[in-house]
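What follows is a single structure, written as structure tokens, with notes after it.
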Amino acid sequence: MKKPEFISLKNYHYSLPEEKIAKYPKAIRDLSKLLIFKDDSISSSEFTNLPDQIPQGAHLVFNETKVIHARLIFKKLTGAKIEIFCLEPILPTDYQLNFASRKKVIWKCLVGNLKKWKDETLEYSTESGYQLFAKKIDSGDSSIFVEFSWNSEEKSFSEIIEEIGSTPIPPYLNRPAEESDSINYQTVYSRNEGSVAAPTAGLHFTNKVLMELSRRQIQQTHLTLHVGAGTFIPVKSENAVDHSMHIERLYIHKSAIINLIQNSDFIIPVGTTSCRTLESLYWFGIKILLDKFDEESPLLNQWEAYSLNAGFSRSEAMNAILKYLEKSGLEVFTASTGIMITPGYEFQMTDALITNFHQPSSTLLMLISSLTGEKWKDIYTYALKNDFRFLSYGDSSLLFPSKE
């Protein structure tokens, strides 16, 4: 497997009419449509029937990250509004410690109307009487480091932004966040705070569907990849290889690794975030086996997987990570990944995929093409002609690899 030299962005464009973009989700999550691509043929059903389509003995992997109220609006005395979009924690860097802090934290942020924010400290007073302060402490190329503090140790940072922030719904919805988005833009199994975008393939699952999967003894494992705002960054280079992939943080508990070892025959990630996490996990296992793993700063670079030796089974890779955790006395494997999955990539941990319908000319669409080949065009043409709803609040699909 070699890094691609040229990927024409034009090959991943399709026309997506505005009316095909779902502005809101279905009232009942599992009544969304489900497209099935299997044996190179396409059919449709409802998501509530997903358990009927999952092979016996399959193993579903979910991303249990939780979307935070990352968008904060401060108003200056002049009336100017400053929007601060929290991207990732800087101090403490650990998400749980950062959210639990009761004094002050530092975040890497995007700032709207930055020119209006000089050196003054911004202030927001909550309805319950607390005050949140934002101080600009450093500037980067495209982001700002912001120190947040508040006037009471009774509240954690998590509680403060939950009260004053808003859900960071995708920009292509072209509408402000509403109260309903706090629930709708969150999976029913979300648990670990940190994402600024939802793992949207999971939005269709209900407790009813999950219980039916359990009844049929379909194995389920949860892991965490905190989705960053970079997921919305469009590919602008004519050669998609020149696109810089964003880095995201992943967390996998030792029990999940053991589950993957014991149930590795047919793995179906729920969403591209789960897929990227699983594939990255395999390559971290390979790096351990090849003695190329950096314990101090574990990172899988954008194209690194394409140059590593894939001559190990998924079980061998997972066992390498398990042994590393046991040797280090760790319960959770933590690392960062910038992997970009493009046509020509050989999947190591993914036998099928549950996912929504993605934007034209996006890295996510290239991932879909990596699994389904040129058939992705037939899949998306079918979805458009049969009134499937697209993007985050849209319908779902179950995709098996193309045989061509």
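Quick notes on this structure:
- Candidates in the range 237-262 are the residues that are surrounded by fewer than 18 Cβ atoms within 10 Å (Cβ to Cβ) and over 30 Å from GLU5 (Cβ atoms); of these, the one that is nearest to the chain's Cα centre (by Cα) is HIS253.
- Selection status of THR273, surrounded by 18 or more Cβ atoms within 10 Å (Cβ to Cβ), in the same structural domain as MET340 (by TED's automatic domain parsing), at pLDDT below 90 and among the polar types (S, T, N, Q): no
- Single residue of the range 356-388 satisfying the filter (assigned to a loop (DSSP other than H, G, I, E, B) and within 20 Å of the chain's Cα centre (by Cα)) that is surrounded by the fewest Cβ atoms within 10 Å (Cβ to Cβ): PRO360
- Failed item in (1) out of contact with any Leu (no Cβ under 6 Å at 6 or more places or on another chain); (2) surrounded by 15 or more Cβ atoms within 10 Å (Cβ to Cβ), with GLN53 passing the rest: (1)
- Here PHE333, PHE284 are screened, and the one residue that is in contact with a Leu (Cβ under 7 Å, 6 or more places away or on another chain), surrounded by 14 or more Cβ atoms within 10 Å (Cβ to Cβ), modelled with pLDDT of 95 or more and within 22 Å of LEU371 (Cα to Cα) is PHE284.
- Scanning the range 251-287 for residues that are closer than 24 Å to PHE400 by Cβ and either part of a helix (DSSP H, G or I) or among the aliphatic types (A, V, I, L, M) (or both) yields a total of 20.
- When the residues of the range 186-243 are filtered to those that are hydrophobic (A, V, I, L, M, F, W, C), in contact (Cβ under 8 Å) with a residue 60 or more places away in the chain and part of a loop (DSSP other than H, G, I, E, B), the one that is nearest to GLN56 (Cα to Cα) is ILE218.
- Search result, residues across the range 146-184 that are under 18 Å from ALA22 (Cβ atoms), among the β-branched types (Val, Ile, Thr) and not in a helix (DSSP H, G or I): THR167, ILE169
- Checked against (1) part of a strand (DSSP E or B); (2) surrounded by fewer than 14 Cβ atoms within 10 Å (Cβ to Cβ), GLU127 passes all but condition (1).
- Tallying residues that are outside any strand (DSSP E or B) and farther than 16 Å from SER182 by Cβ within the range 53-86 yields 12.
- Which numbered condition ILE321 misses (of (1) free of Cβ contacts under 8 Å to residues at least 60 places away in the same chain; (2) within 23 Å of ASN259 (Cβ to Cβ)): (1)
- Test: residue in the range 87-106 that is in a strand (DSSP E or B), in the same structural domain as VAL188 (by TED's automatic domain parsing), surrounded by 20 or more Cβ atoms within 10 Å (Cβ to Cβ) and in contact with a Phe, Trp or Tyr (Cβ under 7 Å, 6 or more places away or on another chain): no
- Matching residues in the range 56-86 - criterion: being under 23 Å from SER274 (Cβ atoms) and surrounded by fewer than 16 Cβ atoms within 10 Å (Cβ to Cβ): GLN56, GLY57
- Set PHE293, PHE312: member being under 25 Å from GLN96 (Cβ atoms), in contact (Cβ under 8 Å) with a residue 24 or more places away in the chain and either in a loop (DSSP other than H, G, I, E, B) or more than 18 Å from the chain's Cα centre (by Cα) (or both): PHE293
The values are calculated or read from the model by the stated rules, or taken from the named source; none is laboratory data. Keep in mind the model is a prediction, meaning the values are calculated, not measured. So basically every Cβ, Gly included, is an ideal-geometry build from the backbone, and we count neighbours across all protein chains shown.
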